[in-house]
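Here it is: the structure, laid out below.
Read-outs throughout are calculated quantities, based only on the coordinates presented, and are distinct from any laboratory measurement. In this text the structure is predicted, and so the values were computed from the model without any measurement. Heads up, the Cβs are rebuilt from the backbone with ideal geometry, glycines too, and the neighbour counts pull from every protein chain shown.
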Amino acid sequence: MTVTTHSITYRCTPGPLHAVLLGGTVPLFLGGLLSDIAYFRTYQIQWSNFASWLIAGGLLFCGLALLFALVNLFRAQHKAGRPVMYFLLLLLTWVLGLVNAFEHAKDAWAVMPAGLVLSVVVTLLACLSAWTGLSNLRSGGAQ
């Protein structure tokens with residue numbers, strides 16, 4: 001009788017849909033940041049509205065990428081190291097993005113300066129998450 005062990009490791013790179021969702025978070029959150037900068041400089045309320053929509057889109061993409069990362073993390077046999085760091089970065093990005101969306105729900109200039117600061121932080125976290133997620137992730141074994 002032959003016994004084979006099948007070990008499930010964390011995917012080396014995300015699948016195509018996961019990569020698209022992960023990659024989509026960066027331009028959406030970056031667009032929100034650029035819209036906040038435009039609002040800070042021009043006082044035109046439409047920039048704040050545009051930032052709110054871009055942040056909502058970023059939250060959608062980030063949330064779906066977070067679900068993919070969670071499923072991949074559950075499937076992995078060894079759950080230490082970079083896969084956990086990637087999941088936690090995505091989770092932190094999503095949570096702070098949600099706080100940013102709540103901040104942008106305020107009326108007119110009440111969004112500033114907290115909305116701008118949160119947009120900077122969330123955009124940096126989204127870039128770091130995408131970098132970590134699209135780089136070579138391994139949860140066990142050499143390679």
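Using a Förster distance of 22 Å, how high is the FRET efficiency between Ala105 and Leu67, based on the Cβ-Cβ distance and rounded to 0.05?
Calculated transfer efficiency: 0.35.
Report ³J(HN,Hα) in whole Hz for each residue of region 47-52, in order, from the Karplus equation J = 6.51 cos²θ - 1.76 cosθ + 1.60 where θ = phi - 60°; Gly and Pro get x.
The phi angles translate into 5, 5, 5, 5, 4, 4 Hz.
If you don't mind, there's one more thing I want to ask. Once you list every other residue whose beta carbon is under 15 Å from the beta carbon of Phe29, what net charge do they have if Lys and Arg are +1 and Asp and Glu are -1?
Summing Lys and Arg as +1 and Asp and Glu as -1 gives -2.
Still on this model: Tally Lys and Arg at +1 and Asp and Glu at -1 over the other residues with C-beta under 14 Å from the C-beta of Ala114: what net charge comes out?
Net of charged neighbours comes to -2.
Suppose R0 equals 30 Å; then what is the FRET efficiency for Phe40 and Leu98 from their Cβ-Cβ distance, rounded to the nearest 0.05?
After rounding to 0.05, the efficiency reads 0.90.
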